[in-house]
Each structure stands twice: as C-alpha cells, then as structure tokens.
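Before any comments, here is the structure.
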Amino acid sequence: MQFIEITEDRYRSFWECHPLKTFLSAPEIGRLRKSRGWDVSFVGVEENKKIVAAAMLISHKRHFGKYEFYSPRGVLVDYENKELVEYFLTEIRKYVKAHHGYIFRMDPYVIYKERDIDGNIVEGGIDHSGVVQQLIDLGFKKVSIPDMEQVGWMFSLPLEGKSKEEILKQMKPNTRNTIRKTEKIGITVKELGYDELDRFQNIMVETGQRKNFSIRSVDYYKKMYELFHDKGEVKYYVTELDLVCYVEKAKEEKKRAEEKLSHLSDAKYNEGQRKNLENEISSYDKRIREAEEIRKEKGQDVITLSGSMFMIIAPEIIYLSSGNYEEFMKFNSQYLLQWMMIQYGIEHGFKKHNFYGIPANINEHPKDYGIYEFKRGFNGVVEELIGEFELPISWYYYLIKFIHNIKKH
C-alpha cells in the first residue's frame with residue numbers, strides 16, 4: 001500500500017463508484033469551499049496501481065498560522081477493513097502535520113446502529129460500534145451533536161424494488177389523503193432556473209425568521225446551481241396555486257354537493273348524510289371566500305406557497321432545504337412536492353429518498369419533533385450516523401480549543 005496525493009479526476013472516478021458517495025464528498029463541494037478561501041487537496045491509498053481509499057481534504061488557516069483540515073463526509077474507505085482504515089488515517093495525520101495542520105475533522109457517511117421508523121435500535125441490525133471504537137483508539141475525539149457541522153440523524157424512505165402503489169399504500173393514511181387533496185385542489189410544482197433563485201431565497205428568509213434559524217445567502221444557492229445543475233444533480237422547486245382555478249374547482253365541487261343534497265328525501269335515515277353535505281358546502285364557501293380575499297390582498301392570480309432544494313446524486317435523492325410561507329401552510333404543498341420526488345426516484349432507479357435531518361434521539365420527543373413526524377408520515381426508517389470526529393495533530397489543538405472556549409463565555 002502506498003499513500004499518495006491524487007488528482008481531482010482520479011478522486012472523482014473513485015468517488016463515483018464508492019458506496020459512501022454523497023454530495024458533500026463530491027469534488028464540486030471542494031470547489032465551493034475554494035471559492036470561500038479554503039484550500040483543497042485529494043489523497044488516496046494505491047495498491048497494485050489501483051486506488052483503494054481516497055479523501056478530499058479542505059483546509060483553511062486559523063490561529064497562529066495553523067490550519068484546520070476537514071474531509072466532508074469522508075474519508076472514503078472500507079471501514080470493515082481495519083488495517084486499511086488504520087493505515088490511511090495514520091498517513092493522513094502525517095500529511096496534515098506536514099502541512100501545518102493542528103486538527104483533522106471528518107464525519108463519515110456511515111450508519112452507527114440500525115434503527116426502525118420509531119428510532120428504536122433494530123436487534124441484530126447494522127452496528128458500527130467497532131468503527132467508532134477504532135477511531136477513538138486512533139486518537140480521534142467524538143464531537144458533541146450541537147457542535148457537529150453536518151446532519152447526524154436522518155430519516156430515509158427505501159425505494160429499491162418498490163412500486164409507486166406500494167410506497168403510497170405504506171404511508172400514513174393522513175399523509176396519503178393530504179397528497180391526494182393537494183393534487184385535487186390544483187397545486188402545481190415549478191422548477192426554478194438560475195435567474196429565479198431569489199424566489200427560493202425569499203421563502204427561506206421568511207421561514208428562517210419565523211423558526212429562528214440562520215439562512216444561507218442567495219449566492220450559495222446560485223453557486224450550488226452552477227456546480228451541480230448541468231448534470232441534473234441539484235433542483236430548486238416552488239409550489240404554486242392558481243387561485244382562479246382553485247375557486248372554479250371549489251365552485252364545481254360545491255355545485256355537485258348541492259345537487260346531491262337536493263335529491264335527498266326528508267327521511268330520517270338521511271339526516272347524517274344531509275348534515276355531512278351541508279358541512280361540505282359550508283367548507284367550499286369558506287375556501288372560495290378565503291381564496292378571493294387572498295387574490296384581493298396580493299393582487300395576484302397565482303401565489304407561491306413553498307420551496308425546496310433537492311440533491312439528486314445516486315444512490316439517493318436528498319431533501320436538503322425547504323421553506324414555506326406561513327400564511328399558506330394550510331395548503332400542505334410540501335406533501336405534493338415530496339411525493340413528486342419520491343416518484344422521480346422510483347422511476348430513475350434511486351435506492352432511497354432521504355428526507356435528511358431530524359432531531360437527535362427522536363424517541364425522546366425533543367424540540368422540533370414535528371419535523372420528524374412530517375417525514376415519518378411517508379414511511380421509512382431513522383438513520384443515525386456515527387457522527388463527527390476530530391483528531392488533534394499538535395498542541396495547538398488544545399490551545400485553540402481553549403481560546404474558543406473563552407470566546408464562548
């Protein structure tokens with residue numbers, strides 16, 4: 001085995017075929033970081049002229065002229081091969097030290113312990129406790145969940161070998177019914193072009209202010225578009241509702257309900273059905289009135305309801321970012337958007353639809369539990385990754401940690 005620096009093209013060829021491949025370890029993310037002042041290099045292990053392990057290393061200067069090194073969702077290696085893991089990480093440590101690094105961070109795209117839809121550990125399932133222990137034995141320290149850079153807990157829907165009908169049938173009844181309702185009332189989905197990304201950004205800003213989370217700049221979304229869109233690996237969508245069509249549909253449904261009501265006899269056994277139809281008619285009246293009020297207030301026939309960003313890189317589709325206008329959340333348009341992308345994944349042979357981040361330890365009902373409940377309605381499993389690890393390279397690690405702790409307080 002030989003540790004070597006490799007070209008971006010050689011790294012890409014390895015990344016393309018690796019089972020731990022994800023967008024964060026793509027060379028394009030290195031280019032994104034480079035545009036923000038980071039340095040990027042690629043290293044690997046060669047055996048018989050073949051790359052058997054690789055990593056993208058990004059670095060930037062911190063205090064005292066020392067560098068922080070990070071491998072996003074890396075390193076790419078067979079974590080069952082302990083000898084290879086030890087060799088590669090030992091050599092990376094030497095490489096980082098030789099390049100004035102004080103720390104090396106990584107957060108492998110590796111499941112920790114297999115869990116079911118409720119977040120309970122599956123008996124006899126995947127267990128990578130040994131991988132965690134090996135990293136600790138090699139000197140790595142586990143980063144606490146609040147300090148991790150990337151998502152540590154996810155919710156995913158396996159798609160492989162399943163039909164649309166099976167997936168729909170296995171959803172919670174409320175989720176399935178909501179999807180059908182969004183289709184029925186005429187919500188549509190529009191993909192945004194590069195020059196329209198401000199629309200997505202506006203939705204994210206409104207959502208961030210409401211939920212108190214930080215928002216990326218529109219420049220980030222534009223850069224991601226530039227890096228990934230030509231290969232169809234990133235897509236931005238908004239959901240829209242044509243209020244004129246919406247009102248027309250509601251009027252048609254109301255008319256049908258009124259006709260049914262008019263044909264009911266006064267017999268006592270029809271009282272229940274009559275009451276249901278009267279409530280239905282009242283509901284249509286309310287919907288019509290609300291839609292006309294929105295048209296008048298906004299001065300628009302078509303309104304934007306929500307927006308989402310998806311990373312579409314085999315073997316998974318990742319629901320990366322999304323937002324909603326609060327006043328239009330009652331239309332539940334995100335359900336339709338998720339269903340559209342799930343169908344896309346099935347049609348194009350993706351292995352899973354990854355709803356991405358959920359709160360850690362969801363079976364303890366943490367804050368933001370509702371995020372998990374929305375995703376859970378589509379069916380799937382909780383995925384807990386092994387987390388983020390950092391490797392101290394020199395005594396500067398402890399000094400810089402000390403400085404950061406002082407700043408926090």
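The values are calculated or read from the model by the stated rules, or taken from the named source; none is laboratory data. Just so it is clear, the model here is predicted, and its values are computed rather than measured. Glycine gets a Cβ as well: all are built from the backbone with ideal geometry, and neighbour counts include every protein chain shown.
Against the conditions (1) out of contact with any Asp or Glu (no Cβ under 8 Å at 6 or more places or on another chain); (2) modelled with pLDDT of 95 or more, where does Glu327 fall short? Just the number, please.
If we test Glu327 against (1) out of contact with any Asp or Glu (no Cβ under 8 Å at 6 or more places or on another chain); (2) modelled with pLDDT of 95 or more, just (2) comes out false.
Condition test on Gln133, is it more than 20 Å from Phe350 (Cα to Cα) and part of a loop (DSSP other than H, G, I, E, B)?
No.
Look through region 101-124, keep the residues that are of a type in the set (Ser, Thr, Tyr) and part of a strand (DSSP E or B), and return whichever of them is surrounded by the most Cβ atoms within 10 Å (Cβ to Cβ).
Tyr102
Inside region 172-195, can you point out the residues that are basic (Lys, Arg) and free of Cβ contacts under 8 Å to residues at least 24 places away in the same chain?
Arg176, Arg180
Which of the following residues is out of contact with any helix residue (DSSP H, G or I) (no Cβ under 7 Å at 6 or more places or on another chain), in contact (Cβ under 8 Å) with a residue 40 or more places away in the chain and more than 24 Å from Pro108 (Cβ to Cβ): Leu305, Leu337?
Working: Leu305 fails: out of contact with any helix residue (DSSP H, G or I) (no Cβ under 7 Å at 6 or more places or on another chain).
Of Leu305, Leu337, the one residue that is out of contact with any helix residue (DSSP H, G or I) (no Cβ under 7 Å at 6 or more places or on another chain), in contact (Cβ under 8 Å) with a residue 40 or more places away in the chain and more than 24 Å from Pro108 (Cβ to Cβ) is Leu337.
Being of a type in the set (A, V, I, L, M, F, W, C) and assigned to a strand (DSSP E or B) is the filter here; which residues of region 15-63 pass it?
Once the filter is applied, which keeps residues that are of a type in the set (A, V, I, L, M, F, W, C) and assigned to a strand (DSSP E or B), region 15-63 yields Val40, Phe42, Val43, Val45, Ile51, Val52, Ala53, Ala54, Ala55, Met56, Leu57, Ile58.
If I ask for residues that are assigned to a loop (DSSP other than H, G, I, E, B) and either within 21 Å of the chain's Cα centre (by Cα) or loosely packed, with under 12 Cβ neighbours inside 10 Å (or both), which ones from region 163-187 would you list?
Ser163, Met171, Lys172 - these are the residues of region 163-187 that are assigned to a loop (DSSP other than H, G, I, E, B) and either within 21 Å of the chain's Cα centre (by Cα) or loosely packed, with under 12 Cβ neighbours inside 10 Å (or both).
Which numbered condition trips up Ile317, out of (1) hydrophobic (A, V, I, L, M, F, W, C); (2) in contact with a His (Cβ under 6 Å, 6 or more places away or on another chain); (3) assigned to a helix (DSSP H, G or I)?
Looking at each condition in turn, Ile317 falls short on (3).
Looking at (1) in contact with a Leu (Cβ under 6 Å, 6 or more places away or on another chain); (2) outside any helix (DSSP H, G or I); (3) crowded, with 21+ Cβ neighbours inside 10 Å, can you tell me which one Gly74 breaks?
Failing condition for Gly74: (1).
Yes/no per residue for (1) under 18 Å from the mean Cα position of the chain (by Cα); (2) assigned to a strand (DSSP E or B); (3) in the same structural domain as Ser35 (by TED's automatic domain parsing):
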{"position": "Glu206", "(1), (2), (3)": "no, no, no"}
{"position": "Arg210", "(1), (2), (3)": "no, no, no"}
{"position": "Phe213", "(1), (2), (3)": "yes, no, no"}
{"position": "Arg216", "(1), (2), (3)": "yes, no, no"}
{"position": "Phe228", "(1), (2), (3)": "yes, no, no"}
{"position": "Val238", "(1), (2), (3)": "yes, yes, no"}
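Restricting to region 1-30, name every residue that is farther than 25 Å from His353 by Cα and in contact with a Leu (Cβ under 6 Å, 6 or more places away or on another chain).
Across region 1-30, there are no qualifying residues.
May I ask you to say which residue of Gly119, Gly161, Gly125 is among the small types (Gly, Ala, Ser), more than 23 Å from Ser321 (Cα to Cα) and touching a residue at least 12 places away in the same chain (Cβ under 8 Å)?
None of the others qualify; the one that does is Gly125.
What's the number of the condition Gln343 fails, among (1) surrounded by 20 or more Cβ atoms within 10 Å (Cβ to Cβ); (2) under 19 Å from Arg180 (Cβ atoms); (3) of a type in the set (S, T, N, Q)?
(1)
Can you tell me which residue among Lys34, Lys21 is touching a residue at least 60 places away in the same chain (Cβ under 8 Å), assigned by TED's automatic domain parsing to the domain that holds Gln134 and under 25 Å from the mean Cα position of the chain (by Cα)?
Criteria check complete, one pass: Lys21.
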